[in-house]
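Down below is the structure, laid out as structure tokens.
The values are calculated or read from the model by the stated rules, or taken from the named source; none is laboratory data. Worth saying up front: this structure is predicted, and the values here are computed from it rather than measured. Note that each Cβ is placed from the backbone with ideal geometry, even for glycine, and that neighbours are counted across all protein chains shown. With ligands, DNA and RNA removed, areas are computed over all heavy atoms of the protein, side chains included. Shrake-Rupley method; radii C 1.70, N 1.55, O 1.52, S 1.80 Å.
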Amino acid sequence: MRRQILRVLAAVAALVIVTPIGGPAAAGEVPWKRIPCTEGGIDRVAYDAASNRLALEWHLDCADPSDSPAAWAYALYAEVGPLAEVSESVLIAYAPTAPTTFAQSRHVPPLVDAICVVTDYDVRIACVGLYRDSRGTLHTVSRLATDDPLVQMKARVFVDDHDSSPACGSCW
């Protein structure tokens with residue numbers, strides 16, 4: 001009996017020694033400095049089918065005046081994915097005073113069904129749904145509720161292994 005107790009204690013001690021405290025939760029996870037921010041919205045959505053460009057204007061009612069400000073991001077959601085994707089290269093610093101306003105106009109990436117502004121892994125501020133026909137051609141972009149089942153998965157920040165050229169097909 002005493003031997004079994006010593007084995008259990010040794011196993012627990014080994015787990016405590018090798019289990020990291022703090023830091024990234026998974027290997028290769030990108031650090032993301034965040035602040036509590038839950039307010040904001042979409043100001044304008046415009047899709048140009050001829051150029052396949054989506055223009056978005058949003059605002060966040062948050063700011064971060066620190067020397068190394070926290071960031072928010074666009075998260076890309078696909079119906080088939082277990083996680084929403086946030087490219088490390090699109091983590092965007094908050095303005096030093098509120099509101100934080102922003103606008104983007106980019107090509108719509110393939111296989112993306114929604115785009116949300118996120119301020120944390122599971123905090124969606126505002127979203128747009130991208131609706132395609134049976135051939136995969138985008139025909140409608142409209143506001144989407146942040147509690148829609150399509151955007152309920154957590155976001156994950158991944159290392160963008162592309163340079164800053166427009167060839168990044170998963171970036172927005």
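What percentage of the solvent-accessible surface of the stretch 50-172, computed with a 1.4 Å probe over protein heavy atoms, is contributed by carbon and sulfur atoms?
Its accessible area is 53 percent carbon and sulfur atoms.
Add +1 for every Lys or Arg and -1 for every Asp or Glu among the other residues with Cβ under 10 Å from the Cβ of ALA78, and state the total.
Counting the neighbours of ALA78, the net charge comes to -3.
May I ask for the Rg/Rh ratio of the stretch 39-172, computed from Cα atoms with Rh as the Kirkwood radius, given to two decimals?
Across the stretch 39-172, the Cα-based Rg/Rh ratio is 0.95.
Just how large is the dipole of the stretch 32-122 about the Cα centre, in debye to the nearest 20, putting +1 at every Lys and Arg Cβ and -1 at every Asp and Glu Cβ?
Using only the charged Cβ atoms, the result is roughly 220 debye.
Counting Lys +1, Arg +1, Asp -1, Glu -1, what net charge surrounds TYR94 among other residues with beta carbon under 15 Å of its beta carbon?
-3
Can you sort TYR77, TYR131 by solvent-accessible area, 1.4 Å probe, largest first?
Reading off the accessible areas and sorting them downward yields TYR131, TYR77.
Within 10 Å, count the other beta carbons around each residue, average over each peptide in 69-75, 122-128, and list them highest first.
Highest mean packing first, the order is 69-75, 122-128.
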